Amino acid sequence: MIYEKHQYLPFSSDAQRMAANLEQAYSFWLSARQALQTLPASMYWAERSGSQYLYAKQNGTDNGTSQGVRSPETEQKFASFTEEKKQAQERAASADALIATRSTLYRRLRMPTLPDKQAEILRKLDIEGLLGTDLMVVGTNAFSAYEWAANAIFPAGNEETQNFDLTWCRDTPASLTFAGTDSAPKERRKTLFSVLKSIDPSYKINPRKPYQALDADGYEVELLAAPSCHPLPKEEAFAPMQTLIEQEWLLLGSPVSAVVATERGRACPLTVPDPRFMGLHKLWLADKPERNPVKRDKDRRQGDVLLDAVRHFMQQSHPLNVDFLFSVPNDLRPTFDAWCAERQFIPAS
């Protein structure tokens, strides 16, 4: 289907301003949460063998590690920790209040939103330095970011889904850092599965589909990976399929990052693949013989609406020009040629 420009609903200037304000508030919140993340969960004094010692717990299940006997140095360490934690908590609370106000105004303008279940996962991944550096959002959940990039509501494509798809991008050209924050060193990074377990301990790897984790309610989180990304780090519990050549295409081009509001008034970060390659990927899936027939119509609709959005609104950031044409992998060229022919679209030189 061909989507014409008038079928998209452009964001108003108020909506654009509100989106920028929400992104600013989220950046403030993320900085505060990451500061808290670097601090011990608690510090306390405990008496051992007639002397007082300073102990630190890194998390709620930690037994505590001695920081030394009470002295001017350990007292200063305790005082510094107490003050730093207080300030970080106050900044986080202030950011929470600011986000609540701005997300309410954002949703009144009917801007793209994301369900809170997905959003909680994405915020935690961002705090841990994994979003954009190790993982990108793919599938239907990515479309809120594409609407933000186009500054327009799409006539189709951003449809409710009951699962959540991520793709691996660590150490690939697509790897980027959202909002300019530094990711944690590789040796200290958490895994996707450990992040899910920290949110809901009921998550388990599906033994029949080891690329998928399920919670107690049957909610699905899937990890996909391009063949070039295999093997994943041995500590990651997920085992993505190794034959999905189409995942390679989602690592090409220029990814998009955005902050959107959630249905319950929070903020959510998104990092998603280049919209041109995501659109072509969707159209290619629609013609894939092994593809579930039920999904094909949705794939084609999403591919068309996304590439047409690029054609109408994203030519500055993601041009469909001759340079792009030469970057399209051979397996995708027939898909792009067919899309161009249907619209009588000629890539600019």
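The values are calculated or read from the model by the stated rules, or taken from the named source; none is laboratory data. Note that the structure is predicted; figures quoted are calculated from it, not measured. With ideal geometry, Cβ positions are generated from the backbone for all residues, glycine too; neighbour counts draw on all protein chains shown. Side chains are part of the model used for accessible areas, which takes the heavy atoms of the whole protein and leaves out ligands, DNA and RNA. Shrake-Rupley method; radii C 1.70, N 1.55, O 1.52, S 1.80 Å.
Things worth noting here:
- Between S317, S257, the distinction of being in a strand (DSSP E or B), of a type in the set (S, T, N, Q) and out of contact with any His (no Cβ under 9 Å at 6 or more places or on another chain) belongs to S257 only.
- Matching option when the condition is of a type outside the set (D, E, K, R), within 28 Å of K197 (Cβ to Cβ) and open to solvent by 60 Å² or more (accessible area, probe 1.4 Å), among Q58, Q76, Q87, Q118: Q58
- Only one of V272, V294 that is free of Cβ contacts under 8 Å to residues at least 12 places away in the same chain, under 30 Å from R208 (Cβ atoms) and hydrophobic (A, V, I, L, M, F, W, C): V294
- Residues satisfying the stated conditions in the range 123-170, i.e. under 20 Å from M241 (Cα atoms), among the acidic types (D, E) and open to solvent by less than 10 Å² (accessible area, probe 1.4 Å): D134
- The single condition among (1) of a type outside the set (G, A, S); (2) farther than 28 Å from M111 by Cα; (3) open to solvent by less than 30 Å² (accessible area, probe 1.4 Å); (4) more than 21 Å from the chain's Cα centre (by Cα) that F238 does not meet is (4).
- Among residues of the range 79-108 that are of a type in the set (K, R), those with a Cβ under 6 angstrom from a residue that is in a helix (DSSP H, G or I), sequence gap 6+ or separate chain, pair up as R91/A32; R102/N21; R102/L22; R102/A25.
- Selection within the range 219-235 - open to solvent by 20 Å² or more (accessible area, probe 1.4 Å) and in contact (Cβ under 8 Å) with a residue 12 or more places away in the chain: Y219, E220, E222, L224, P227, S228, H230, L232, P233, E235
- Among residues of the range 141-171 being out of contact with any strand residue (DSSP E or B) (no Cβ under 8 Å at 6 or more places or on another chain) and under 18 Å from D116 (Cα atoms), the one that is modelled with the highest pLDDT is F143.
- Taken as a whole, the condition of being in a helix (DSSP H, G or I), small (G, A, S) and crowded, with 17+ Cβ neighbours inside 10 Å does not apply to A35.
- Every condition in (1) open to solvent by less than 60 Å² (accessible area, probe 1.4 Å); (2) at pLDDT 90 or above holds for S42 except the one numbered (2).
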